[in-house]
Amino acid sequence: MIKRASLVRLNESLSNKELRSMARLLSDLMDNVPDVIYFKDRQGKMVLVNKAHARGLGLKPEQVVGKTDFDFFPKDRAKLMSKDDEHIIRTGEPIVDKIERATRPDGIDNFVSTTKVPRYDEKGKIVGLVGITRDITKRKHLEIMHGEKERLEKKLKALEDLNRMKSEFISVVSHELRTPLAIINEAISLLFDQVVGPINNKQSEIIVKAKNNVGRLKKLIDELLDLSRLESEHFKLHYSLVNLNELLEDSSGFFKNLAQEKGITLVYNLPKRSVNIFLDFERINQVISNLITNAVKYTEEGGKITIKLEMLESKVRILVMDTGTGIAHDDVQRIFHRFVQVSKKAEAIKKGVGLGLSITKDLVEKHGGEIWVESKLGVGSKFYFTLPRFYTSSVLDQEIMDKINSLIEKDETAYLINVLFINFKLFKERFNLVSEKLFKDLTNVIKDSLDNVKATKDEKPRLVFADEGFSELSILYPMATEKDAHLVCKVVKQRIERYLSDKKVKGVFTNIGISQYSSEGQLKTSHQILANLNIKKVYVGSETRKFKRVNCKLDVEVALPNVASEASKTIDMSEGGICFSSLRPLKTDSKVVIYLKFDKNKPSLSLKGRVARIIRTDEVSKSGKSLYRIGLEFIKLKPKDRLRIVRFIKSVS
């Protein structure tokens, strides 16, 4: 009452002009606030509403005044609102921030927060109420999503715990089974070798069957152990510098004999120059063994299996191709899933539980590689897998090899800095020097630049090999930090650029540490093999293609010979190529023409490309068909087309 009397005295003391100004301010507030504001009398009739209130009803404010909620809302809804109004007018108790789900007059469901307070006259008598209603649908949806996120996180945590318990259980059981199985195997061997006494032919047949089944059981236990290890947080690859040619050749005798027993021809197609890269010897040997063993298993007598090792620009690729039974189109997607066997042959089903290819895929991906398959039922299969080309050489001194492997074993900090000359054949044509002289000059430039680098803990960076055939040089820098390694890269880059400038060669690019995207989409400037062994790269060339990829959604049309063209969208792009989704499982290394649309108002850009990889995804199209992720490398890109691509990439970077 005192406050209201004060308000009356305040109004009496204001001039008409001031009152009009205050009324205008209140009117501006009412009309511009997005919340619904309304005044009601004791009978529930609207005395005054703002524009937001009327707009929500699809009316103007003057069309709302004098009416009640029963004129706009369903009867049940209006009754609830009227009940709240009557309570306020009867008791004088306000309702603050009442949250409820409501249906607007246009039929749209939403969440609102309503506050209603009593309105008094000068004598303190309740003459109606003032209400403010705010749409909090977005807020509620966020709260619901947050709650759903927490629920899913708890569920995920529970599933992870169950998965961990499952892996631990498998590991414990498998380990417990190995010892008695080894004893059984030894006992069977003693019987078969007649150490404990002679056996007849019938007994020998039974013992052979028992021995074969023990072998099957051992293989199953080993696969289950591998599965539990791969799922473990403590799983670790044991890298060493390995000659990939020798790895394949060492096991070739065994697999050729295995194939010969079934009347199958097994051929190895290896490059003449050795390929040395970092990998876990045992694990990659396991990958190759799984793929070749499967090829032998599913290839009939008279068939052929080909093992091919190829050097690509940033990776090595191994192909295991057979002329076997092949895989049905619908089964290709499931081939790498756990406990899946797509073959209907009784012999194949008996010999495994469907873990081999799943483990193979995990091991390849742990190495940072990719694996995929192309197959046609009744024709045969092609299994491809790649490994990052962290390091290669034709000849490497044993001293250097031992030094590198020693660093790995001791977990010492070290950097390998690879200087790669991209498209060296084109690059050397820019000079008036013969190839050998050019490469020798560049080698000396790098050696000189290393002489000016300070030693770290008595260890200086040194050139460990220079290989013109692979157009690369490698620098070993033990006990170095990231800063030290980057400094060496910078010095090398500057000295090469100075050499090129002295020779008056223009248009040659040098990039430090530009590499492929990781699976998470992060650009990596250095690869880490173990905790403290890293690889950095310096790319040099007139057409350096190791550029940053950008995510983009451009219209692309893919033209194939004798097949209708396919419209798609790009996933990402670089100066070297694009990645896009396709309904067709294109063939690796096949040549295609694409039409790339940068601008709706300009013609498409016609480009030639080579299919570098095909990965079948879990995604499906609107028609329910499986989608493939295709990696395409541009072929013989014209300067004007490259410029257009570069401009686009810069515009979206």
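Bear in mind these aren't lab numbers, they're just calculated from the coordinates by the rules spelled out. Note that this is a predicted model, so its numbers are computed, not measured. Cβ: placed from backbone, ideal geometry, glycine included. Neighbour counts: every protein chain shown.
Quick notes on this structure:
- Quotient of Cα Rg and 2.2 N^0.38 Å for the stretch 29-88, N being how many residues it contains: 1.08
- Point-to-point label distance, N110-M145, nm (Cα→Cβ direction, 7 Å offset): 1.8 nm
- With θ taken as phi - 60° and the Karplus curve 6.51 cos²θ - 1.76 cosθ + 1.60 applied, the whole-hertz 3J(HN,Hα) list for the stretch 565-579 is 5, 10, 8, 8, 10, 6, 9, 8, 8, 9, 5, x, x, 9, 10 Hz, x standing for glycine and proline.
- Net charge of Cβ neighbours under 11 Å - reference L627; Lys, Arg +1; Asp, Glu -1: +4
- Each residue of the stretch 257-269 was assigned a 3J(HN,Hα) from its phi angle through the Karplus expression (A = 6.51, B = -1.76, C = 1.60, θ = phi - 60°), giving 5, 4, 5, 4, 4, 9, x, 10, 8, 10, 10, 10, 10 Hz with x at Gly and Pro.
- Centre-to-centre separation between the Cα atoms of the stretch 288-339 and those of the stretch 25-88: 73 Å.
- In this structure, the amide hydrogen of I136, modeled 1.01 Å from its nitrogen in the peptide plane, lies closer than 5 angstrom to those of F111, V112, S113, counting only residues at least 5 positions away or on a different chain.
- Inter-probe distance in nm under a simple model that places probes 7 Å from Cα toward Cβ, at I615 and V33: 5.4 nm
- Exceeding the 21 Å Cα-Cα cut-off - candidates K569/K597; K503/K640; K602/K638; K587/K625: K503/K640
- Here K45 is the anchor, and the aspartates and glutamates within straight C-alpha reach of less than 16 Å, apart from those fewer than 8 places off in the same chain, are E62, D69, D71, D84, D85, E86.
- Only lysine pairs 8 or more places apart or on separate chains count here, and in the stretch 59-116 those with Cα atoms under 17 Å apart total 9.
- Cβ crowding within 10 Å averaged over residues, with 140-153, 293-306 ranked highest first: 293-306, 140-153
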